[in-house]
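Okay, structure first, notes after.
Nothing in this text is a laboratory measurement; each read-out follows from the coordinates by a stated rule. Computed from a prediction, not measured in an experiment: that's the story for all the values here. Note that each Cβ is placed from the backbone with ideal geometry, even for glycine, and that neighbours are counted across all protein chains shown.
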Amino acid sequence: MKKHLLAAGAAVTAAVAAAALATPAAAAPSTPATTTTVTAPSSHSSAVRTVRSGERVDAGGGYTVWLTRQGKHWTGPDGFEQFRSVVDGNLDLTRPALSHQGEGTFHSGIYGGPVRPGRVEVTDSEGRVTRATLLQLPGRPDWGVWYAHTAPTGHDVSVSFYARNGRLLVELPALDF
């Protein structure tokens, strides 16, 4: 089952299932019982890898990811090419934004906004945290792509986007469809 989620600032949109609203974690009134609170970050931030437009990155497990000025592209083991736009108006890059596309244990999405990215983390229902790899195009610090592989789980995962200073910018809670 493929799940496509999108959060732009305060809005969370389920692109395949249905639209739902959420707020960034800093303003959220409560945390769902299935979401594990992420601990404070270490003093070092993960580096963002800069790639050329169209440069294909082996994301492991048969997945390939690449960026163009129009957005995120990826293929999975089935070879089917997929695309998520950054120019269609679905992401408001004037504020912190985060999207999530999940395919089994492979998770990826777009992050963006005016704050320099520090890291993206994926947390499963068992509380295991996986730090994502971050990619961006040269001269495009306002958005980039993240991807990660997680352990198999029977539940959805939550995804958190942090600034370089460790401040939580946006969190997509785990949603069961």
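A few comments on the model shown:
- Spin-label model, Asp78 to Ala47: label points 7 Å out along the Cα-to-beta-carbon direction sit 3.6 nm apart.
- Over all other residues within a Cβ to Cβ distance under 12 Å of Gly139, the charged ones net out to +2, with Lys and Arg as +1 and Asp and Glu as -1.
- Under a 5 Å amide H cut-off, with hydrogens placed 1.01 Å from N, Leu169 pairs with Phe161, Tyr162, Ala163 among residues at least 5 apart or on other chains.
- Local electrostatic count at Arg167 - Lys and Arg +1, Asp and Glu -1, tallied over other residues with Cβ under 13 Å: +2
- Each Lys or Arg adds one and each Asp or Glu takes one away; over the other residues whose Cβ falls under 10 Å from the Cβ of His73, this sums to +2.
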